[in-house]
Every structure is written in C-alpha cells, then in structure tokens.
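Heads up, the thing below is written out as structure tokens.
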Amino acid sequence: MTPFLLAIALDCIYQLMTIRFIYPLELLFTATLLALVPYALLRGPFNRLARLFLPAARPPPVTGPSHPNRFIH
C-alpha cells in the first residue's frame, strides 16, 4: 500500500508541475503500472532469495510442566 500511495503522490506532484491539472485516471494508471505491477512480479523471487540467505525461524522453547495440558495437575 505504501509504494502505491507514494507513486500516487509523486505522479500528482508531477502532473501539477508539468500540466497544472490532475487527471485522475492517468494518475491511477501510472501509479498502478509503476508501483503495483513490479511489486507483484518481484515479490515471489525476492522471497525465495531471502529464504536462501536468512536463517529459518525456530519455534520457541517449551517450558513448564511436561504434560501438554496445563490445567491437569
């Protein structure tokens, strides 16, 4: 959501500076094309790369009674 909102803000500023008017459909099209499409295409490959280089998450250590049900003593 943040990259999309940033793309909208930047394109809005660009349109105001260059043509002194905001075209809403062009604004949405440009923000979608420049922010959401690359994010959707690159998310999967970067997640796979991150799994290669980052350590796997470990479950927290088990503490307390050895019986799995805490309410039975």
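The numbers here are math on the coordinates, done by the rules we state, and not lab data. None of the values given here were measured: they were computed from a predicted structure. Cβ coordinates were reconstructed from backbone atoms using ideal geometry, including for glycine residues, and neighbour counts include every protein chain displayed.
Annotations for the structure displayed:
- Sparse packing (at most 12 other Cβ atoms within 10 Å of the Cβ) combined with a DSSP loop state is found for the following chymotrypsin sites (Phe, Trp or Tyr not before Pro) in region 1-43: Phe21.
- As a calculated quantity, the FRET efficiency between Leu49 and Leu10 at R0 = 30 Å, using C-beta atoms, amounts to about 0.65.
- Whole-Å semi-axes of region 2-42's equivalent ellipsoid (Cα gyration tensor): 20, 9, 7
- Here the Karplus relation 6.51 cos²θ - 1.76 cosθ + 1.60, evaluated at θ = phi - 60°, turns the backbone of region 18-30 into coupling constants of 8, 10, 6, 7, 10, 9, x, 5, 5, 4, 5, 4, 5 Hz, with x for every Gly and Pro.
- Label-to-label distance for Tyr39 and Arg20 is 3.4 nm, based on points extended 7 Å past Cα in the beta-carbon direction.
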